[in-house]
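**Student:** Pasting a structure here, questions to come.
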Amino acid sequence: MRRQLPRVLVISAAAAFAIAVLAVAGLAATGRLNAGRPSPADAAIGAHTDWAMPAGDYANTRYSALDQITTANVAGLRVEWSFATGTLRGHEGQPLVVGNTMYVVTPWPNVAYAFDLTREGYPLKWKYRPDVNPAAQGVACCDVVNRGAAYADGKIIYNLLDAETVALDASTGRQVWRTRMGDINRGESMTMAPLVIGNRAIVGGSGGEYGVRGWIAALDVATGREVWRAYNTGPDAEVRADSGFHPFYAADREPEQASRSWPAGAWKIGGATAWGWISYDPDLHLLYHGTGNPGPWNPAQRPGDNKWATSTLARDPATGALRWAYQQTPHDGWDYDGVNENILVDLSIADSVRKALVRFDRNGFAYVQDRRTGEVISATPYIHLNWATKVDLTTGRPVTVPGKQTGGAGWTRDICPSLEGGKDQGPAAYSPHTRLFYVPTNNMCMDWKVREVSYIAGTPYMGASAPYHAGPGGNRGEFMAWDPVRARKVWGIREPFPVWSGTLATAGDVVFYGTLDGWFKAVDARSGAVLWKLKIGSGIVGNPITYRGPDGRQYVAIYAGVGGDMGALIGGDVRADAPYDTRTPADVIVDLARHTSWGGMVWVFALPPRTAR
């Protein structure tokens with residue numbers, strides 16, 4: 001069979017804005033969304049920038065068409081400027097660049113900065129310091145991170161740790177609106193990056209380790225008013241599974257599954273939070289989001305599939321109506337949150353072009369699904385796993401290994417992957433040049449022992465211990481290239497620690513990623529050869545971006561600031577005694593503290609002016 005070049009849904013910042021405007025205009029005619037006039041700042045998108053939304057495009061590819069930095073010249077990359085954020089803890093997420101301004105959001109206390117890219121020294125245009133309830137730190141399961149902001153209609157929109165969403169005037173930093181979305185007294189917080197679709201800012205909450213009830217919601221970009229909210233567990237009416245809900249697998253079509261697949265009332269404290277990445281297909285008019293673990297971790301306390309935890313859901317962004325759903329890990333007994341990014345590409349498979357959704361799930365399987373229906377086209381292990389033997393494509397369900405089930409008496413030993421997953425939320429990237437995905441992965445296994453746990457609002461609701469150890473080979477991470485059609489690894493770079501950063505792919509066939517011990521690396525997209533690297537101080541858990549500056553040069557930006565689940569909670573003397581850690585300290589990467597410690601920096605790189613063409 002001749003392989004055809006996959007068509008990829010890569011929407012540049014300028015194209016994304018154009019699609020959003022068209023979508024708003026068209027939907028306004030139907031009464032589903034309301035349109036506003038584009039602001040002058042909106043019109044500037046694309047003039048000097050390529051990164052105006054969290055993943056760079058709606059499809060979550062994290063691919064840039066900029067090609068000034070290539071495999072031939074990337075060795076000449078140098079530091080252009082840097083900035084200390086004044087904040088420690090995990091710097092997840094990524095900057096935004098809109099027009100001639102870079103926007104940065106820090107971990108708690110969620111300070112926002114705007115940098116002028118036209119002036120020497122890149123001075124601040126403004127700084128916004130919100131009043132964020134410090135008690136939110138106590139219900140932040142896995143460090144006090146923030147995964148970034150969104151831009152729309154002249155506003156910077158992002159979430160605060162104490163479960164509020166805020167919008168700022170992008171030009172001045174003035175607060176335009178602020179909306180409370182959750183209650184920290186129940187254990188709710190917010191760490192995810194919003195996605196703006198039309199005039200809706202889509203947001204979700206965190207707190208699955210505290211027995212919250214997961215939800216996703218849409219806010220009006222102009223006013224901050226909540227337009228709709230959909231829950232991920234509970235009655236169909238509240239999940240918004242109406243007559244238009246058509247899951248692919250017959251067993252998922254029964255009514256009221258999001259409540260009947262739980263013990264009576266357990267869905268009210270069952271987790272399934274939407275704390276990860278959101279993608280959007282403007283042709284199908286569907287947004288895609290994942291859901292986190294069911295609560296508690298002790299699966300014996302919640303018999304049933306526990307829908308729709310550890311699942312992927314497709315919704316109408318205008319109403320929140322559920323169109324299809326697929327559960328990767330039914331009755332999850334391993335904390336395999338399903339929140340990883342869903343990357344939207346069109347792939348030639350078996351002589352036909354499929355509108356695909358590709359996800360490297362925490363449970364260790366790489367899924368290729370039909371994004372129109374949820375059908376699983378393929379599901380292949382991309383890391384070492386032993387909790388299941390395969391995914392049955394007839395039913396969509398994993399075939400589990402009895403000896404790796406949890407919930408019984410005593411320890412279940414050597415489950416692979418660990419609860420950190422084959423990868424966690426650090427996003428992969430896709431290049432239409434190479435037709436490959438670039439994936440940060442973990443190589444760790446765990447033991448698991450449960451205990452009975454009672455629900456008390458605002459306190460950890462887990463009921464399990466899960467110490468980790470390195471997987472086969474001893475390396476605890478690997479950065480790899482993956483062929484989605486042939487379902488195989490093309491090359492890999494073994495790393496001593498889990499790879500927790502996100503990924504950036506560029507038209508220059510250069511791919512960027514970072515390591516927990518603080519190396520920022522550029523590699524050849526086709527061969528995996530490391531072409532350039534620099535130690536930038538604190539470990540990297542953020543996501544690289546690239547943009548064209550006002551001077552016409554291509555720049556690459558990344559955060560340094562170790563933290564997040566891996567760097568802050570179990571990283572030895574990096575700070576293993578953090579009071580907000582809800583779990584027993586582990587020793588799987590205590591040696592990380594010999595290489596890095598907490599920090600908080602923005603680093604920006606470019607080729608020298610004489611090299612850039």
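None of the figures in this text is laboratory data; all of them are computed from the coordinates on show. The structure displayed is predicted, hence computed values, not measured ones. All Cβ positions, even for glycine, are placed from backbone atoms using ideal geometry, and neighbour counts span all protein chains on display.
**Student:** Quick one: divide the alpha-carbon radius of gyration of the chain by 2.2 N^0.38 Å and tell me what you get.
**Tutor:** The value comes to 0.87.
**Student:** Among 101-108, 473-480, how do they line up from the highest to the lowest mean number of other beta-carbon atoms within 10 Å? Don't skip to the answer; put the middle values down first.
**Tutor:** Numbers: 101-108: 25.1, 473-480: 20.0.
Most protected by this proxy first, the peptides run 101-108, 473-480.
**Student:** Express the relative contact order of region 7-606 as a whole percentage, based on alpha carbon pairs under 8 Å and six or more residues apart in sequence.
**Tutor:** Relative contact order here is 15 percent.
**Student:** Continuing with the same structure: I need Lys390, Lys307 ordered by Cβ neighbour count within 10 Å, fewest first. Spell out each step's value before the answer.
**Tutor:** Working: Lys390 11, Lys307 29.
Ascending number of Cβ neighbours within 10 Å: Lys390, Lys307.
**Student:** Mind pulling the per residue volume of the convex hull built on the Cα atoms of region 399-456? Å³ is fine. Write out the running numbers ahead of the final one.
**Tutor:** On the way: hull volume 8.3 nm³, N = 58.
For region 399-456, the hull spanned by Cα atoms encloses 143 Å³ per residue.
**Student:** Let me ask something additional. Per-residue ellipticity at 222 nm for the chain, helices alone: DSSP H runs ≥ 4 residues times -39500 (n - 2.57), over residue total, nearest 500 deg cm²/dmol? Intermediate values should be presented prior to the final figure.
**Tutor:** Details: 5 runs with 36 residues, N = 613.
Result for the chain, helices only: -1500 deg cm²/dmol.
**Student:** Any idea what Rg and Dmax come out to for region 124-210 if you just take the C-alpha atoms, in Å?
**Tutor:** In Å, with Rg to one decimal and Dmax whole: 12.9, 39.
**Student:** I've got another one for you. Size of region 192-320 along its principal axes in angstrom, Cα-based, largest extent first?
**Tutor:** So the extents along the principal axes, rounded to whole Å, are 44, 32, 20.
**Student:** Another question, then. Hey, could you get me the Stokes-Einstein D for region 54-126, Kirkwood radius over alpha-carbon pairs, 20 °C and 1.002 mPa s, rounded to whole µm² s⁻¹? Walk me through the numbers before you get to the answer.
**Tutor:** Values: Rh = 14.5 Å.
Using the Kirkwood radius from Cα pairs, D works out to 147 µm²/s.
**Student:** Work out the length of the dipole vector of the chain about its Cα centre, built from +1 on the beta-carbon of each Lys and Arg and -1 on the beta-carbon of each Asp and Glu, and round it to the nearest 20 debye. Don't skip to the answer; put the middle values down first.
**Tutor:** Values: 60 positive and 57 negative charges, 180 e Å.
Result for the chain is approximately 860 debye, rounded to the nearest 20.
**Student:** Just to check, using Stokes-Einstein with a Kirkwood Rh over alpha carbon pairs, what's the diffusion coefficient of region 332-454 at 25 °C and 0.890 mPa s in µm²/s? Don't skip to the end; give the middle numbers.
**Tutor:** Working: Rh = 15.5 Å.
In µm²/s, the coefficient is 158.
**Student:** Going by average Cβ density within 10 Å per residue, which order do the peptides 64-73, 420-429 take, highest to lowest? Please list the in-between numbers first.
**Tutor:** Values: 64-73: 18.9, 420-429: 26.7.
Packing proxy ranking, top to bottom: 420-429, 64-73.
**Student:** Checking the table Lys404/Lys533; Lys307/Lys423; Lys155/Lys521; Lys355/Lys390; Lys307/Lys390; Lys355/Lys489 against a 30 Å threshold on Cα-Cα, which pairs fail? Don't skip to the answer; put the middle values down first.
**Tutor:** Numbers: Lys404/Lys533 39 Å; Lys307/Lys423 22 Å; Lys155/Lys521 32 Å; Lys355/Lys390 23 Å; Lys307/Lys390 20 Å; Lys355/Lys489 22 Å.
Where the Cα-Cα span goes over 30 Å, the pairs concerned are Lys404/Lys533; Lys155/Lys521.
**Student:** Starting from the Kirkwood radius over alpha-carbon pairs of region 426-505, derive D by Stokes-Einstein at 10 °C in a medium of 1.306 mPa s and give it in µm² s⁻¹. Please report the intermediate quantities before stating the final value.
**Tutor:** Values: Rh = 15.0 Å.
Here the translational diffusion coefficient equals 106 µm²/s.
**Student:** Sorted by mean Cβ packing within 10 Å, highest first, what order do the peptides 445-457, 135-147 take?
**Tutor:** On the way: 445-457: 16.5, 135-147: 23.8.
Ranking the peptides 445-457, 135-147 by packing returns 135-147, 445-457.
**Student:** Along the positive direction of the dipole of the chain (beta-carbon charges: Lys, Arg +1; Asp, Glu -1; about the Cα centre), which of Ser431, Ala230, Ser243 reaches farthest?
**Tutor:** Ser431
**Student:** Kindly give Rg over Rh for region 465-504, based on alpha-carbon atoms, with the Kirkwood expression for the hydrodynamic radius. Before the final figure, lay out the partial values.
**Tutor:** Details: Rg = 12.4 Å, Rh = 11.8 Å.
Rounded to two decimals, Rg/Rh equals 1.05.
**Student:** Can you tell me what the convex hull of the Cα atoms of region 263-342 projects to on average, as an area in nm²? Before the final figure, lay out each step's value.
**Tutor:** Numbers: hull surface 20.8 nm².
For region 263-342, averaging the hull's shadow over all directions gives 5.2 nm².
**Student:** Calculate the dipole size of region 447-565 relative to its Cα centre from +1 charges on Lys and Arg beta carbons and -1 charges on Asp and Glu beta carbons; express the result in debye to the nearest 20. Present the calculation step by step, with values, prior to reporting the outcome.
**Tutor:** Working: 13 positive and 10 negative charges, 47 e Å.
Computed about the Cα centre, the dipole is about 220 debye.
**Student:** Looking only at region 7-606, where both bridge partners belong to it, what percent of the DSSP beta bridges are antiparallel (to the nearest 5)? Mind showing how you got there, number by number?
**Tutor:** Numbers: 129 of 133 bridges.
Expressed as a percentage, antiparallel bridges in region 7-606 total about 95.
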